[in-house]
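Each remark here refers to the structure printed beneath this line.
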């Protein structure tokens with residue numbers, strides 16, 4: 001393979017296959033800062049300084065300098081260097097009209113979430129939103145999910161921040177784009193790779209039969225993959241989260257403060273992920289029964305729970321598992337205990353390990369087969385929603401002279417998954433970000449209120465007095 005391009009991983013290709021114009025698959029982070037630390041000499045937001053910071057850091061973020069191209073034979077996507085990066089296009093300044101309240105900000109974030117990225121350019125945007133009430137500025141990063149790994153889609157919002165306040169942005173990064181290979185060169189590379197495929201498969205099979213020392217044994221691998229496949233074949237009840245989605249989005253968010261999280265964690269010996277799942281389950285139960293009038297009896301609602309490898313070193317290699325949410329359990333303490341038992345069970349660990357092994361093994365699957373598998377998955381999911389928790393650093397972080405006050409995650413929705421729930425745990429607590437289809441969830445804010453009520457009841461059960 002020429003050094004001038006890079007194959008997408010199977011997971012990246014899978015995310016690209018799931019992308020549609022009316023349901024774009026990008027990941028967003030909304031970061032809130034005090035405006036005073038980001039102002040220029042005229043009193044406005046120093047967007048040029050932010051562009052300079054991006055220019056100084058983009059040399060370390062190679063995927064942010066690449067665009068998609070296509071192989072001529074298999075029609076698979078590859079990464080090639082962009083000829084140029086127009087930071088005036090990628091880094092945009094907008095201003096909310098007065099009063100700049102939370103409702104206006106959420107509507108704007110929904111419009112940004114609904115708009116596809118330009119496939120002819122590097123697949124990211126950075127929106128700087130000024131005019132927020134209480135003298136705040138929002139920084140919104142929007143990155144396509146096919147950048148895949150956390151270090152890619154977390155890369156930009158993390159790279160722009162520093163441990164100490166500083167208005168120094170550094171010199172622009174020096175990098176020179178490689179010219180893209182010709183179609184003839186790509187075709188020759190493809191033919192060589194196809195000829196090598198049987199040998200690659202044989203190597204992979206030998207690694208499975210005789211894994212390296214310290215790796216899972218063959219029987220453990222087979223059992224883990226079996227659990228992952230079995231969980232994927234089980235289909236839960238129909239729910240308001242299933243079905244087709246339109247092209248418009250609603251976003252909303254709330255937060256459980258750090259003190260409340262600590263109270264619950266100490267009282268029940270629970271992890272942040274278990275607290276997040278418990279509160280989310282309680283909120284969904286309140287919303288479904290109280291707002292939508294759906295009986296919880298016999299309702300089998302399943303959530304895909306991706307794992308953050310930075311949160312628990314013992315779960316390296318584990319990717320995600322499917323949780324049947326205990327909606328019918330009304331007592332928050334018993335609900336937490338039930339989720340604790342399920343998340344720590346060997347079945348959950350095997351599912352997550354199996355999902356990781358399948359993703360690893362997918363690297364050897366021909367692109368056409370993997371693309372077909374992801375298109376089949378798009379038609380019917382074995383889960384009704386995704387609940388993902390990410391751990392941010394516990395230390396203060398700054399953009400120029402402004403202290404980061406809150407990070408709100410906004411994950412994509414797609415056909416069959418009309419609601420996404422994502423969380424970020426940081427020094428200010430546990431932030432929920434909700435993204436939903438506009439038509440399917442006119443009552444999304446009721447789910448936010450239900451989340452705040454579920455937080456309060458769990459803190460009360462832990463012996464605390466408040467949750468926000």
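Structure summary
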| quantity | calculated |
| --- | --- |
| Euclidean distance of C-alpha centroids, the range 89-112 and the range 18-80, integer Å | 17 |
| Inter-probe distance in nm under a simple model that places probes 7 Å from Cα toward Cβ, at residue 439 and residue 460 | 3.9 |
| Kirkwood Rh, angstrom, the range 5-159 [1 / mean 1/r, Cα pairs] | 16.6 |
| Separation of the residue 89 and residue 338 label points, Cα + 7 Å toward Cβ, nm | 5.1 |
| Extension gain (nm, one decimal) between residue 185 and residue 134, 0.36 nm per residue minus Cα-Cα | 12.7 nm |
| Packing rank of 446-459, 332-345, where each peptide gets the mean count of other beta carbons within 10 Å, highest leading | 446-459, 332-345 |
| Burial order of peptide ranges 36-43, 401-408 (average beta-carbon count within 10 Å, highest first) | 401-408, 36-43 |
| Gained length - residue 70 relative to residue 175, 0.36 nm times residue gap less alpha-carbon distance | 35.5 nm |
| Centre separation in Å (Cα based) which lies between the range 381-411 and the range 258-272 | 19 |
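Computed from the coordinates by the stated procedures, all read-outs in this text should not be read as laboratory data. From a predicted model like this one, the values you see are computed outputs, not experimental measurements. Please note: Cβ atoms are built from the backbone with ideal geometry, for glycine as well, and neighbour counts cover all protein chains shown.
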